[in-house]
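The values are calculated or read from the model by the stated rules, or taken from the named source; none is laboratory data. Please read all numbers here as calculations on a predicted model, not as lab measurements. When we count neighbours, we look across all protein chains shown, and the Cβ atoms used for this are built from the backbone with ideal geometry, even at glycine. Calculation scope for accessible area: heavy atoms of the full protein, side chains included, ligands and nucleic acids excluded. Shrake-Rupley method; radii C 1.70, N 1.55, O 1.52, S 1.80 Å.
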Amino acid sequence: MDEFDYVIVGAGSAGCVLANRLSDGGRNRVALLEAGGSDLNFWVRMPIGYGKAFYHKTLNWKYLTEPVPGFDGRQSYWPRGKVIGGSSSINAMVFIRGQAEDFDCWRALGNPGWGYADVLPLFRRMEDNLAGADAWRGKDGPLTVTNIEGVVHPLCGNYLAGGVEAGLSRNLDFNGATQEGVGIYQITTRDGLRCSTATAYLAPARRRSNLRVIKAAHATRVLFEGKRAVGVEYRQGGAVRQVRARREVILSAGAVNTPQLLQLSGVGDPALLKRHGIDVVHAAPFVGRNLQDHIGFDHLYRSRQPTLNDVLRPWWGRLRVGLRYVLTRSGPLSLSVNQGGGFFRTSPERARPNMQLYFSPVSYTRAIPGRRALMSPDPFPGFLVGVSNCHPTSRGQLAIRSADPFAAPEIQPNYLSTEEDVQELLEAAHFLRRLSRTGPMREIIEKEIRPGAGVLDDGGLIADIRTRSGSVFHPCGTCAMGPDAPTSVVDPRLRVHGLEALRIVDASVFPRITSGNLNAPTIMVGEKGSDLILADAR
């Protein structure tokens, strides 16, 4: 049996960080297990290719939730990366850290060392911001962050001006002094290519003789001797294999696969485990609970002026931008379609921004529901303005369906199960209508397609929210960090309560969801986790 100092399960947003940091200097032998395959894929490397990776059968776990009562019984599609780089290899690349209050909340919940002042140096360390360093931003770190202000679609100018007219301030950096305001998103690209954690962290470490990356390795259970994690069993090419860890097993498989693997390994709610014939190694009822996710909806418009639809829909347009991308690594294919953005308060009583904005100069109203046909948009000029909630109060749960490690777990996010979540999205819908009535937006809006001009009262808008809202793919919290074992899974040093030599380092440890996109804070957790592991090994 192969033996290493550290065995990491999951080569995703946090796992690649751990593999780099723990193997640095040759001090430790590190194994990195990944259920998926190589990220050397056209749809991964080309930024706008996430529209294809979104539903790709080999790059993506393609999870479906259970029917959600708050969504009128609809299921929600959850794309999760099944590839080196994990979801950082298939996401929309928007780089958002979250609000300072998010991390101060983590600390206030009994997690010392996780306040904003504690994690800001980690955010700066991980970043190579092409705009340069300042009090908040880093330079010369592994992860390239690109400012796209000068290359976004011209309609972004109308969106920004409309946002200011609607009462929002112009924000040049959502990761700077404040998150509030309207602006252009920064994205994780480098020289026109996606800069995932596979590119930023793992690629520079792959040459190290003390790091072994094992692809197509589906982890089936953590191996225990008593209460100590000693290794991982995995399936590869039909064969069952094992790898041992002299120091620690580290789970970085994400908010879905990490709790699933724990439950398959006998760590979870005893009643659930016994129901599926799994011996209880350790009773941990909070595994799979505390599930949080951002949800949102779009208002879609037919445009008076050309949009990306006019470029990406006709074959000659795709050929032209394709040639431009191949020759210069520039143009629409080098960007995300989420170009404009922002954060705002849905009411003046809010202490901080509670809603995120998205402006995309493209529309795909005729796509199959649940699919993002970014390269096949509508045959007319269109665009969308969307919102998602920053601090949802609804909580869900995740549980294995059987002892079969290849069966997808049962996911019930319980979206819109609180009145607070419904009301703040209703307030956001009213804000989108106010934004659409500003002068700069009236210049470009020919018609509101959805929800449509006939939907005016609160009842109609709430019905539209329940009918059309969906996940924005930020699940977290299913192995939450906290000081008390009955209400959390890991302690503030990310060690699983009640077990030895087992840590979790990924988005599942978030005690509360952060404001905005989750990739940046997940990478930060990887940086913090590597520091804690190395410090405890001394």
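Report the FRET efficiency, 1/(1 + (r/R0)^6), for D531 and D279, where r is their Cβ-Cβ distance and R0 is 35 Å, rounded to 0.05.
After rounding to 0.05, the efficiency reads 0.55.
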Worksheet item: Using Cα atoms only, what is the angle between the long axis of helix 419-436 and the major principal axis of the chain, expressed in degrees (0 to 90) to the nearest 10?
Response: 40 degrees
Worksheet entry | Folded to 0 to 90 degrees: helix 458-468 orientation relative to the chain principal axis, Cα | 50 degrees
Discussion item. Quick check: Cα centre of segment 13-35 to Cα centre of segment 123-157, how many Å?
Written reply: 26 Å
Practice prompt. Treating the angle as unsigned and between 0 and 90°, give the value, to the nearest 10°, between the Cα long axis of helix 116-126 and the longest Cα principal axis of the chain.
Written response: 90 degrees
Discussion item. Report the Cα centroid-to-centroid distance between segment 184-223 and segment 449-494 in angstrom, as an integer.
Written reply: 28 Å
Practice prompt. Calculate for the chain the 222 nm mean residue ellipticity that helices alone would give, adding -39,500 (n - 2.57) per DSSP H run of length 4 or more and normalising by residue count, nearest 500 deg cm²/dmol.
Written response: -7500 deg cm²/dmol
Worksheet entry | Amide proton proximity set for N60, modelled H, under 5 Å, gap of 5+ | K82
Item to complete: Pop out the ³J(HN,Hα) list for segment 490-503 in order, Karplus 6.51 cos²θ - 1.76 cosθ + 1.60 with θ = phi - 60°, rounded to Hz; leave Gly and Pro as x.
Response: 10, 8, x, 9, 6, 8, 5, 4, x, 10, 10, 6, 9, 10
Worksheet item: Counting Lys +1, Arg +1, Asp -1, Glu -1, what net charge surrounds S330 among other residues with beta carbon under 14 Å of its beta carbon?
Response: +3
Response to the item:
To the nearest Å², the heavy-atom accessible area per residue of the chain with 1.4 Å probe amounts to 36 Å²
Fill in: Charge context of G268, other residues only, Cβ under 14 angstrom, K/R +1, D/E -1
+2
Fill in: Filtered trypsin sites (Lys or Arg not before Pro), segment 1-65: DSSP coil and at most 12 other beta carbons within 10 Å
R27, K57
Fill in: Cut-off 20 Å, label 7 Å out along Cα→Cβ of Q75, residues of segment 380-396 by amide N
396
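Provide the net charge surrounding T393, with neighbours chosen by a C-beta distance below 10 Å and charges set as Lys +1, Arg +1, Asp -1, Glu -1.
Counting the neighbours of T393, the net charge comes to -3.
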Worksheet item: How much of the accessible area of segment 411-538, in percent, comes from carbon and sulfur atoms when a 1.4 Å probe is used?
Response: 49 percent
Worksheet item: Say the dipole of segment 60-182 comes from +1 at the beta carbon of Lys and Arg and -1 at that of Asp and Glu; which of N111, M93, H153 then lies farthest toward its positive end?
Response: M93
Discussion item. Please report the carbon-and-sulfur percent of the accessible area for segment 1-139; probe 1.4 Å, protein heavy atoms only, DNA, RNA and ligands left out.
Written reply: 51 percent
Discussion item. Calculate the FRET efficiency for K215 and R324 from the Cβ-Cβ distance with a Förster distance of 30 Å, rounded to the nearest 0.05.
Written reply: 0.35
Item to complete: Using Cα centres only, tell me the gap between segment 255-305 and segment 397-437 in whole Å.
Response: 13 Å
Item to complete: Over segment 268-314, with every protein chain in place, what whole percent of the accessible area is carbon and sulfur at 1.4 Å, could you tell me?
Response: 46 percent
Fill in: Sparse-neighbour loop sites [GluC sites (Glu not before Pro); segment 420-458; at most 15 other C-beta within 10 Å; DSSP]
E443
